[in-house]
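The values are calculated or read from the model by the stated rules, or taken from the named source; none is laboratory data. If you're wondering where the values come from, they're calculated on a predicted model, not measured in any experiment. Note that each Cβ is placed from the backbone with ideal geometry, even for glycine, and that neighbours are counted across all protein chains shown.
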Amino acid sequence: MMRSYAAGLPFLTGILGAFCVRPAVAQVASCSPMAIAAGSSVSARSPALVDRVRQAFEARADIDRCARVELTMRDASITVAVVLPDGRSATRSLSRVEDIIPTLEALLVVPQRSAQAEATALDPPASGPPPASAPAEPPSEASSPDTREVPSVGVLAVPGGDAAEAPPAHRPSRLRIELSVVTGARIGDGQTGIGLGALSLLDLSGWLVGFEGRADRYKMVSGGAPGGAPDSGTLELAVLGGRRFRVRNVALDLVAGLAEVIQGTTTFQIRSTAAGESDVTGSNSSTVPRLLLGARVNFGALSTLRTFVGMDGELGPPRAGDGGDVPVVPRLPVWTLGLALGATVGTQ
């Protein structure tokens, strides 16, 4: 009698396992499509974000579809929250929309089970009647169903424990291009100036390189050095390099560079009366090297359109050479300090 009961026990356990596995599989199927909730700020910034996330995971069979995903925005950062069916949760703070799908993939992917683990979970262990020479098992052991229970059937519905703690995806280096319009005022060495210019920069992982063109008009102030013109204009062309430091949605740029200042062409006339009257006319221009230093603070650094405020300074000779062969060319200030304001259009 006891031997017959032990022989039928694997058959009963297999039926039990079949009934346990079916509800778990049904629960996974009932969670499609995946529940995704996006805040109004996230939808305003990227209206098609929810559809892109669903399309990215629609055909995936290795994710937990019963997890709830919430996308919110705070202080220009996107918060990704994932809540698993067993109550576990994970939250990540991102600065770019492109990092949302890699982060969700790290949080939702279920680790692959080995073939041996699947066979153990779905098939009960084989058990036959004891050999004729072996003594019958005690009733307490033969009648205990716990010793033949299907192990860890719930693994089909619950993801692995390491999914919630997976790190966010690595952010690759990106090349950012931006174009700025800048205006500002300068003062120094007895002269004041006001200018308007354009600046183009390349940002490669925080390193900056670019070009600047600026037109300035200088005027003398009381106490200025002799030789300056009451009103003179210059064109400045510069090559710049520097470093950008980001703190959330604000960025600090420190730049330095070399420039060539081209003074406007001047027409002059020389009249000589020593040996009779004669007129000599001509024109000339002056090109002066300058050293540039500057710092600016960018507001809305994660936006396509942003503004900035900064300070700059220049240092260089007042004229080309000693100025003896360039008559009537106004004297430039040896040094200046200035305030700059502007707007930038660039990639995120």
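Do we find a residue being assigned to a loop (DSSP other than H, G, I, E, B), under 28 Å from the mean Cα position of the chain (by Cα), surrounded by fewer than 19 Cβ atoms within 10 Å (Cβ to Cβ) and at pLDDT below 90 anywhere in the range 173-182?
Yes, that holds for at least one residue.
Going through the range 330-346 one residue at a time, which ones are in a loop (DSSP other than H, G, I, E, B) and either of a type in the set (A, V, I, L, M, F, W, C) or surrounded by fewer than 20 Cβ atoms within 10 Å (Cβ to Cβ) (or both)?
Scanning the range 330-346 gives Leu332, Val334.
Return yes or no: is Thr266 modelled with pLDDT under 95, closer than 22 Å to Thr192 by Cα and either out of contact with any Pro (no Cβ under 6 Å at 6 or more places or on another chain) or surrounded by fewer than 13 Cβ atoms within 10 Å (Cβ to Cβ) (or both)?
Numbers: modelled with pLDDT under 95: yes; closer than 22 Å to Thr192 by Cα: yes; either out of contact with any Pro (no Cβ under 6 Å at 6 or more places or on another chain) or surrounded by fewer than 13 Cβ atoms within 10 Å (Cβ to Cβ) (or both): yes.
The answer is yes for Thr266.
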